[in-house]
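These notes are about the structure you will find just below.
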Amino acid sequence: MAELQLTPPTLTLRLTRAEKILGLLRDVVVPLTAVDDVEVVTDPLAATRGLRAPGLGLPGLRKIGTWRAPGERTLVCVRRDGQAVRVRLSGQRYDTLLVEADDATALAAEITAARSAAG
């Protein structure tokens, strides 16, 4: 399972080998100063918008990869029946990260606090 790791001054998205292969992705490291907004998403499959390019989408089960909408590029790694954290970024390769998390509320609060402390 993909994991968001907070190691100030950066936020790192670590993907499993399978997620990297299936989604044609790699790990992502962004500075906390690039984080614009963080929110919890209760239905991440429905929250994924745009066209998959490239990646894997199993309808109703799993989404891994890059989803593109006009003016937005989102890295998605979610599955059914889970919560996710949506991290909006500025000046980075991806405009948004949508990543499944075991305790999405706590993770979102932790990222928000670290972002505030980073300035």
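The values are calculated or read from the model by the stated rules, or taken from the named source; none is laboratory data. Only a predicted model underlies this, so the values are computations on that prediction, with no experimental measurement involved. Cβ coordinates were reconstructed from backbone atoms using ideal geometry, including for glycine residues, and neighbour counts include every protein chain displayed.
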Do we have any residue at all in the stretch 88-95 that's over 14 Å from Leu4 (Cβ atoms), among the aromatic types (Phe, Trp, Tyr) and either surrounded by 13 or more Cβ atoms within 10 Å (Cβ to Cβ) or in contact with a strand residue (DSSP E or B) (Cβ under 8 Å, 6 or more places away or on another chain) (or both)? no
Only one residue in Ala109, Ala114, Ala18 is surrounded by 18 or more Cβ atoms within 10 Å (Cβ to Cβ), touching a strand residue (DSSP E or B) at 6+ places or on another chain (Cβ under 9 Å) and assigned to a helix (DSSP H, G or I), so which one is that? Ala114
Return yes when Val30 is surrounded by 18 or more Cβ atoms within 10 Å (Cβ to Cβ) and not acidic (Asp, Glu) and no when it is not. yes
The stretch 22-34 - residue that is at pLDDT below 95 and assigned to a helix (DSSP H, G or I) and, of those, farthest from Val99 (Cα to Cα): Leu22
Of all residues making up the stretch 4-37, the number that are among the charged types (D, E, K, R) and free of Cβ contacts under 8 Å to residues at least 24 places away in the same chain: 5
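Conditions tested, residue by residue: (1) part of a helix (DSSP H, G or I); (2) more than 18 Å from Ala118 (Cβ to Cβ); (3) acidic (Asp, Glu).
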position	(1), (2), (3)
Asp36	no, no, yes
Pro54	no, yes, no
Arg73	no, yes, no
Val76	no, yes, no
Asp81	no, yes, yes
Gln92	no, no, no
Asp102	no, yes, yes
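Every residue in the stretch 56-71 that is assigned to a loop (DSSP other than H, G, I, E, B) and of a type in the set (Gly, Ala, Ser), please.
Scanning the stretch 56-71 gives Gly60, Gly71.
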Residue list for the stretch 38-62, filter: more than 13 Å from Gln83 (Cα to Cα), surrounded by 13 or more Cβ atoms within 10 Å (Cβ to Cβ) and either touching a residue at least 12 places away in the same chain (Cβ under 8 Å) or within 15 Å of the chain's Cα centre (by Cα) (or both): Val38, Arg49, Gly50, Arg52, Gly55, Leu56
